[in-house]
Amino acid sequence: MDIAIALSLAFLLLLAAVQQGIFILYPLMVSLGLLTAVYRHRGMPWSQLLRLMGQGIKQSTGVISILLLIGMVVASWLIAGTVPTLVYYGIKMLHPRWFLLGAFGLTGGISVLLGTSFGAAGTIGLALMIVARGAGVDEAWAAGAIMAGAYVGDRCSPLSSSAHLVAAVTTTDIYQNLRHMVVTSWGALLVSSLIYGGVSWWHPVPLADRSLLQTIPAEFSIQPLTLLPAAVVVGLTLMRWPVKRTLFISLACGIAIALTLQARSVPTVISTLLLGLHLPEASGLKTLFQGGGLWGMAKVCSVVVVSTAFSGLLSGGGAFQSLGQRLSNWPGQRGLFGGTIVASILTSAFGCSQTLAILLTHKIMQPIYQTADASAEQLAVDMENSAVVIAPLIPWNIASFGPASILLMDGTFIPYALYLYILPLWNWGWRSPLPQPCPKQP
């Protein structure tokens, strides 16, 4: 009963924080304190509490350095004009007859390159919403297509923090996981594209407002060479270069382009890499191109550390045993994935963040997958096909609330974010175990 009360209070705190726009770290720390107090009241010694939290945090240590590096890479892409160039060419490619399909595809492509749903929503997504509102497109459909596209890359990009977190907690190879994620998502991508294409075809829009095509070149030098940092990531990822080496090369390219083509000063570039891009107040692109940087990703890392400590304490204290026992009774491959979906829904609703949903789902399902002789790679891709995309379907989860707020939308987009729920349903309906994993690359 005491754990149930503590978890209920934690849920209310997290929910209130999301609704009030409070940084999720603070309610997470209070929740960790509440759970610690409960276990202390039960007589658990401090040494055991610290050991359980340390075991949880240990899962995140390998991914922290990569996340910090990703923060600087994203900042370098912004100041180098890489992201503005992607948005500029993307808007030019839009066709009135295929607006929703184009919104889904463009946002998906940008999210794969950036590896972040927030970044995709805040750049090409916001630009597309501005165009949609000016053209009279149904806002729920437009926001749904954009949100669905934003989580294509959040799930399967080599720059995605969630993809690296899943690989870290399951101790699997990121590139092997990415290959499996592509294979298991083609059906959902096809079905979603057909629906968005059909709706677009029957409801074309005039796309009268293209003012961004004049505003962006006024602030940034737009030319194909500014796409080099993104091309480096795509090319070296396909060649399966080590992630850190790939990111460092892309970062170097971004810095070089910022200093030369964009004519930014050295202090400005250094400040952007550390604190993120912040354009002048008078800039018409200030709300469109901002963020990134070491400090912004450090905040994300702090949430990851506290979340892993929280999940380690929950797992070690036996809070998941009852739920795990119920889910373990579901037979077969569909039962295994069905249990992962149920766990993902509960952890996304309770955790109020995608990070906590990933960590808690892993803690609940790992023993069940081991009992079923399923591989760690199977668990990793199943989590990507459930927890990662289900979190944005929970209106109060920060994975939903955050990007939707950027688009000036509420939860009305959820029924139209087709890919986010077609993907789990597709993988549940056409369920087959993964082939035996290949050896990890040295």
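The values are calculated or read from the model by the stated rules, or taken from the named source; none is laboratory data. Everything quoted here is computed from the prediction, not taken from an experiment. Because the Cβ atoms are built from the backbone with ideal geometry, glycine has one as well, and the counts that use them run over all protein chains shown. Just so you know, the surface numbers come from the protein's heavy atoms only, side chains and all, with ligands and any DNA or RNA stripped out. Shrake-Rupley method; radii C 1.70, N 1.55, O 1.52, S 1.80 Å.
Annotations for the structure displayed:
- Normalised by residue count, the range 114-189 yields a Cα convex hull volume of 82 Å³ per residue.
- Three principal axis extents of the chain based on alpha-carbon atoms, in descending order, are 65, 51, 46 Å.
- The average projected area of the range 23-107, computed from the convex hull of its Cα atoms over all directions, is 9.2 nm².
- Expressed as a whole percent, the accessible area of the range 50-170 that falls on carbon and sulfur atoms is 67 (1.4 Å probe).
- Sequence of TRP430, TRP241 from largest to smallest accessible area, 1.4 Å probe: TRP430, TRP241
- Projected onto its three principal axes, the C-alpha set of the range 228-311 covers 45, 36, 22 Å, listed from the longest axis down.
- Between helix 243-259 and the chain: long-axis angle, C-alpha atoms, 0 to 90°, nearest 10: 30
- Over the chain, accessible surface divided per residue gives 40 Å², non-protein components excluded, 1.4 Å probe.
- Under the Debye formula (equal points on every Cα, no solvent term), log10 I(q)/I(0) of the range 50-198 at q = 0.09, 0.19 Å⁻¹: -0.33, -1.11
- Eigen-decomposition of the gyration tensor built on the alpha-carbon atoms of the range 187-249 gives equivalent ellipsoid semi-axes of 32, 25, 7 angstrom, largest listed first.
- Convex hull volume of the range 119-272 per residue (C-alpha atoms, cubic angstrom): 148
- A cut-off of 5 Å between modelled amide H atoms, ignoring neighbours fewer than 5 places along the same chain, links GLY291 with LEU277.
- Of the listed residues VAL266, VAL38, the order by accessible area with a 1.4 Å probe, largest first, is VAL266, VAL38.
- Relative contact order computed over the chain (Cα-Cα under 8 Å; 6+ residues apart), in percent: 25
- Computed [θ] at 222 nm, helices only, for the chain once each DSSP H run of length n ≥ 4 contributes -39500 (n - 2.57): -22500 deg cm²/dmol
- Restricted to Cα atoms, the range 326-411 shows a radius of gyration and a Dmax of 13.6, 45 angstrom.
- Residue with peak Gaussian network fluctuation, the chain [Cα springs, cutoff 10 Å], from LEU100, LEU52, LEU114: LEU52
- Cα point-scatterer Debye curve for the range 68-122, base-10 log of I(q)/I(0) at q = 0.14, 0.18 Å⁻¹: -0.38, -0.59
- Ratio of Rg to Rh for the range 329-378: 0.98 [Cα atoms; Kirkwood radius as inverse mean 1/r over pairs].
- Spacing of the two label points (7 Å from each Cα toward its C-beta) at LEU15 and ALA298, in nm: 3.4
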